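Presented below is the structure to which this report refers.
The values are calculated or read from the model by the stated rules, or taken from the named source; none is laboratory data. Since the structure is predicted, the reported quantities are computational estimates derived from the model, not experimental observations. Here Cβ is always computed from backbone atoms with ideal geometry, including for glycine, and neighbour counts include all displayed protein chains. Surface accessibility is based on the protein's heavy atoms, side chains included, excluding ligands, DNA and RNA. Shrake-Rupley method; radii C 1.70, N 1.55, O 1.52, S 1.80 Å.
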Amino acid sequence: MGAPGPVLGIETSCDETAAGVVGPDGRILSNIVYSHTVHADYGGIVPELASREHAGRLPGIVDEALSTAHLDVGDLAGIAVTAGPGLVGCLLVGVAYARALSKPRRIPLIPVNHLEGHAHTPAMTDPDIQYPHLVLIASGGHTSLVLVERRGTFRSLGQTRDDAAGEALDKVGKWMGFGYPAGPALDHAGESGNPAAVKFPRAKFDGQGYDFSFSGVKTSAAQDWEQRQSGKRPPIDRADWVASFETAVVEALCDNLFRAAEDLSIGTVGLAGGVARNRRWRRMVMAWAEKTGRHAVVPPPDLCADNGAMIAGVGLYQWAQDAGTNVAIDAVPNWGLGCPLPLPDSN
Ligand code: KG4
Ligand code: ZN
């Protein structure tokens, strides 16, 4: 059973301050995201600055999410909040604000795992999605291939052993002079490029697992780019170089996703996380699905990156578990997908 009314979702785990509302039928009524710009000058996220941004922006973002949905706090059946994984100071801002909103009004508070939010976005995009299905979550901090056995039940099939896919894109893009995060800029810079212009190495592991590794391609790309700038290697068209690098990263994602779908005979796959906004990756997955007669669910870009609607969506189906208990929740920076929420030490 889901919630008997709308659910608000609050997301502050990293560098997006976000809130969204879903109706009792799961429809998205609002999804407001503020992406921090303060980190651009530092080439990466500065945790202390992120916490301050969340603290300053969250009340306004929540108000906007409620007003866009034409609701007051009192209309909510539940308030869902990301409790982990993420940066502890950032998570604490969201958790504290959610508690402050819910407790005086006795609205059930629902702690949500951030990765479960991402993993749920294909099901939010296609409410008739088949189970089991595969979801590949690729973001700046995570690269995880997950089998969603049924709603809310996950089996991890593989993850990165070093850098996340988005992290590799961001780091190489930073060395090339793109700002942070570089993923969106690379997507545009490589648009018209030849993806076969440069051959970058692909990680291969012994055995049949579905783990990923992106540190090899990152280092090799950084060296290649440096050598082309210094004249040690022949110059190359920038769009061709970017298209080739981007292809090396997204093909590595596809290799495991497609192999797992074939090995486990799974007919439906979904993409999630900020890297799923990448147009080259989206096209590649759609083309494979069409060729193999499978169903690929590629969520709209706003649902791929961190957002509050995905947290509200999980809160909606978890509502029955937590309704009425108003649990004292804490931030859990390393909360694993599918693991029970550890009890708070004291609060
Ligand atoms: O899911 P997300 O918004 O935040 C995290 O949980 O990390 O993902 C952010 C990541 C960054 O690495 C960013 O460069 C990447 O997603 N990204 C993209 C694109 N848009 C965002 N990567 C490739 N192409 C894009 N269009
Ligand atoms: Zn995320």
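Brief remarks follow.
- Per-region count, the stretch 76-106, residues among the hydrophobic types (A, V, I, L, M, F, W, C) and assigned to a loop (DSSP other than H, G, I, E, B): 3
- One residue from Arg106, Arg57, Arg52 being charged (D, E, K, R), over 18 Å from Ala309 (Cα atoms) and at pLDDT 95 or above: Arg52
- Restricting the search to helices (runs of 4 or more DSSP H) fully inside the stretch 233-347 and requiring at least 1 residues that are open to solvent by 30 Å² or more (accessible area, probe 1.4 Å) and either among the basic types (Lys, Arg) or closer than 30 Å to Ala197 by Cβ (or both) gives 238-263, 279-292, 301-304.
- Residues satisfying the stated conditions in the stretch 15-38, i.e. surrounded by fewer than 24 Cβ atoms within 10 Å (Cβ to Cβ) and closer than 23 Å to Val332 by Cβ: Glu16, Val33, His36
- Restricted to the stretch 107-206, the set of strands (runs of 3 or more DSSP E) holding at least 1 residues that are among the small types (Gly, Ala, Ser) and surrounded by 17 or more Cβ atoms within 10 Å (Cβ to Cβ) comprises 133-138, 143-150, 153-159.
- Candidates Pro85, Pro47 - the one that is within 25 Å of Gly183 (Cα to Cα), open to solvent by 60 Å² or more (accessible area, probe 1.4 Å), under 19 Å from the mean Cα position of the chain (by Cα) and not aliphatic (A, V, I, L, M): Pro47
- Subset of the stretch 255-274 [more than 12 Å from Thr292 (Cβ to Cβ) and of a type in the set (A, V, I, L, M, F, W, C)]: Ala260, Leu264, Leu271, Ala272
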